[in-house]
Amino acid sequence: MKYRAKAGKIKYEHGMIHGLREFLEALQKMPEIQSMIPGEIKPVKTSSHIKIRRLMPTPTGLKALFHSGGAVQEVFFIGPADKLIEILQPFCD
């Protein structure tokens, strides 16, 4: 697949907000997660350490909104939604 590191599950097409790359790299080890696709970064008026503000189901898995340092980035997780919610829920704000 295009824009992926060797044997990785993360697509590196866009930049990532501070702390997101390390977080996603730690999640790569989970067999339930098939792929992780970061979207574009948008500015917001909050600033803090990385956290998930929202999880939304999609036809292929979940979309999560990550906030960090005055920016928000959506990340699409491909895999079974129920397992993904179980993995990501502890990181939600």
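Taken together, the values in this text are just the output of simple stated rules run on the coordinates, not laboratory data. The model shown is predicted, which means the values in this text are computed figures rather than measured ones. With ideal geometry, Cβ positions are generated from the backbone for all residues, glycine too; neighbour counts draw on all protein chains shown.
Annotations
- Test result for residue 81, in contact with a Pro (Cβ under 8 Å, 6 or more places away or on another chain) and under 21 Å from residue 9 (Cβ atoms): yes
- Scanning segment 20-53 for residues that are in a loop (DSSP other than H, G, I, E, B) and among the basic types (Lys, Arg) returns 29, 45.
- Every residue from segment 10-39 that is within 15 Å of residue 62 (Cα to Cα) and of a type in the set (D, E, K, R): 32
- Checking each residue in segment 44-70 for being over 17 Å from residue 86 (Cβ atoms), surrounded by 12 or more Cβ atoms within 10 Å (Cβ to Cβ) and of a type in the set (Lys, Arg) picks out 51, 53.
- Those residues of segment 54-93 which are part of a strand (DSSP E or B), among the small types (Gly, Ala, Ser) and over 10 Å from the mean Cα position of the chain (by Cα), in sequence order: 61, 68, 71
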